[in-house]
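Working notes for the structure below.
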Amino acid sequence: AGIGKCVAMDLARRNARTILACRSRKRGQAAVQEIRAATGNPAVVLRLLDTSSLASVRTFASAVLREESRLDVLVNNAGVTGLPFAITSEGLEQTFTTNYLGPFLLTNLLLG
């Protein structure tokens with residue numbers, strides 16, 4: 001939804017292979033189908049990613065590096081605000097992990 005979906009739509013319109021990294025399979029798949037229909041680009045795919053989980057970030061990055069021949073653009077767009085204080089299963093503060101640690105790790109893992 002929002003800015004990330006708009007960016008994905010624009011990239012797909014430019015005929016780019018576009019990977020939507022989403023927490024929710026249901027919402028992500030709906031976005032993929034909407035973007036494909038609006039752009040005519042079948043190369044829009046969904047991969048699950050939860051940046052509040054470093055394990056999820058590592059799994060996602062590993063799959064991208066294994067399955068994709070190249071990565072030209074990475075848009076770190078997801079974030080949260082206003083959540084109550086919470087600790088992740090990995091012992092990290094949830095908002096900080098979601099907004100900073102997860103995207104930082106993802107970027108560094110994908111740098112190759």
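The values are calculated or read from the model by the stated rules, or taken from the named source; none is laboratory data. Computed from a predicted structure; not experimentally measured. What goes into the accessible areas is simple: the full protein's heavy atoms, side chains included, and nothing from ligands, DNA or RNA. Shrake-Rupley method; radii C 1.70, N 1.55, O 1.52, S 1.80 Å.
How much of the accessible area of the chain, probe 1.4 Å, is carbon plus sulfur, in whole percent?
Percent of accessible area from carbon and sulfur atoms in the chain: 55.
If I take every Cα pair under 8 Å that is 6 or more residues apart in the range 1-75, average their sequence separation and divide by the length, what percent do I get for the relative contact order?
Contact order relative to length: 28 percent.
Suppose all protein chains stay in the model; what accessible area per residue would a 1.4 Å probe give for the chain, in Å²?
Per residue, the chain has 64 Å² of solvent-accessible surface.
Given only helices, namely DSSP H runs of n ≥ 4 each adding -39500 (n - 2.57), what is the per-residue ellipticity at 222 nm of the chain, to the nearest 500 deg cm²/dmol?
Rounded to the nearest 500, it is -14000 deg cm²/dmol.
The range 1-83: percent of C-alpha pairs farther apart than 21 Å?
I get 27 percent for the Cα pairs in the range 1-83 exceeding 21 Å.
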